[in-house]
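Just below is one structure, and these are the notes that go with it.
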Amino acid sequence: MNCLSTPPPCIELSHVRLVRGNTPVLEDLSLQWAQPRIGLIGHNGAGKTSLFRLLCGLDAPAAGQVLFDGHNLHEAGRERTRWVGMMFQNPDDQIIFPTVEEELALGLQSRSASKREAKAQARQFLAQRGLGHWAERAISSLSQGQRQMVCWLALLITAPRTVLLDEPYASLDLPGQAQLADDIAAAPQQVIVSTHVLSHVRDYARVVWLDQGQVRGDGPGEEVCAAYEAAVATEVAARRARRSVLSSGS
Ligand SMILES: Nc1ncnc2c1ncn2[C@@H]1O[C@H](COP(=O)(O)OP(=O)(O)OP(=O)(O)O)[C@@H](O)[C@H]1O
C-alpha cells in the first residue's frame, strides 16, 4: 500500500563514484529509483549508509552525478531539504536540540516559520499523535527507541518528498516496529528503507541488494530477498565447512 497523491520523484544516479576518507565506497554506480517504496539490503559495509549520505547531500560524488527529478541534487542548495530527508541509524547522530518540541521545530524553522510558530506547530503535531506529553521532554530522558521515534517524527513534520530510513527498526520494540511500519505504509512520501530485517521490505515492489558498493540484485522484494538469503546460506555453509576442516586438522 502507498498513499502518494502525486507520482513519486525519480532519483537517478549516473556513473557515481563515492570516496569516504581514503576508501572508495561506490564505483561507477548507476541506478534509477522512481517507486514509492524501495528496500535497500546488503551485508555490513556494503555501502548502504554511504549511498544514503550521498542521496541527502551530506557527501558529494567524486565522479558522476545524482539527479532528483532531473535536477542536480548536489547543486540544489537549501531546496534539497524539501526533496530528501534522512533518518540516521543512530538517533544521537541526528538530534541536536535538548527537548522534543525544539527538535521537531528545527525543520519547520528552516522552512521560514518563526521559532514560536514552529514550536506551536510541533506541539500540535505531537498532540495529534497522542504524544502531547512528549513536547517538553528532555531528549536525554528518552530511551534509544523513543529517540528513534523522535527522528521519524522530525522527518514526518518537515515532509520532504523522499525519506531515507537507515535501519529504522533497529532500536524499536515490537509495538514500535508495527507503528513505524504502519506510518511508512501511510506516508505520502517516497520511502527508501535500508534494513537487515528482510521481513520489513520483502513485500516491496522494488528491493536493491548492494554488495561492496555494487548492485548485486534489483527487483521485486520477494525475489531479491530470497536471492540474498540463499547467498548468505551458501556463505555460512562454506564458513562452517572451513572451520570444521581447520578444527579437525588441529
Ligand atoms: N568515515 C569513513 N571513512 C572511511 N571509510 C568509511 C567511512 N564510513 C564508512 N566507510 C567505509 O565505507 C564502506 C561502506 O560503509 P557503510 O557504512 O556505507 O556500509 P553499510 O552498508 O551501511 O553497513 P552497515 O550495514 O554496517 O550499516 C565500508 O567499507 C566502511 O568501512
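All of the numbers you see were taken from the coordinates with simple rules; none came from a lab. This one's a predicted model, so the numbers in the text were calculated from it and none came from an experiment. Note: ideal-geometry Cβ built from the backbone for every residue, glycine included; neighbour counts use all protein chains shown.
Miscellaneous remarks
- Residue list for segment 21-47, given a label point 7 angstrom along the Cα-to-Cβ vector of L67 and an amide N cut-off under 15 Å: 30-34
- Shown is the FRET efficiency for K115 and D183, computed with R0 = 25 Å from the Cβ-Cβ distance and rounded to the nearest 0.05: 0.40.
- Mean silhouette area of the chain, derived from the convex hull of its C-alpha atoms and averaged over all directions, reads 15.9 nm².
- Under a Gaussian network description of the chain, with springs only between Cα atoms under 10 Å, the residue in S50, S140, S171 that fluctuates furthest is S140.
- Overall dimensions of segment 131-209, expressed as equivalent-ellipsoid semi-axes from the Cα gyration tensor (√(5λ), whole Å, largest first), are 23, 15, 10.
- Using a simple spin-label model with pseudo-atoms 7 Å out from Cα toward Cβ, L246 and R216 lie 2.0 nm apart.
- Kirkwood hydrodynamic radius over Cα pairs of segment 1-129, then Stokes diffusion coefficient at 20 °C and 1.002 mPa s, in µm²/s: 128
- Taking a point 7 Å from the Cα of H196 along the Cα-to-Cβ direction, the residues of segment 73-97 with backbone N closer than 15 Å to it are 89-90.
- The local environment of E229, defined by Cβ-Cβ distances under 12 Å, has a net charge of -2 under the rule Lys, Arg +1 and Asp, Glu -1.
- Between A76 and A34, full extension at 0.36 nm per residue minus the direct alpha carbon distance yields a gain of 13.2 nm.
- By the Cα gyration tensor, segment 208-250 has an equivalent ellipsoid whose semi-axes, rounded to whole angstrom, run 30, 11, 4 from largest to smallest.
- Calculated from the alpha-carbon coordinates, segment 77-136 shows an Rg and a Dmax of 12.1, 35 Å respectively.
- Percentage relative contact order, the chain, counting C-alpha pairs under 8 Å, at least six apart: 26
- Short to long, the 5 Å bins of the Cα pair-distance histogram for segment 161-250 hold 3, 12, 17, 20, 15, 12, 8, 6, 4, 2, 1, 0 percent of all pairs.
- Projected label points at S140 and R239, each 7 Å from Cα along the beta carbon direction, are separated by 3.9 nanometres.
- Phi-based couplings in Hz for segment 163-168 (Karplus 6.51, -1.76, 1.60; Gly and Pro marked x): 10, 9, 10, 9, 6, x
- Cβ-Cβ FRET estimate between C10 and Q128, R0 fixed at 22 Å, reported to 0.05: 0.10
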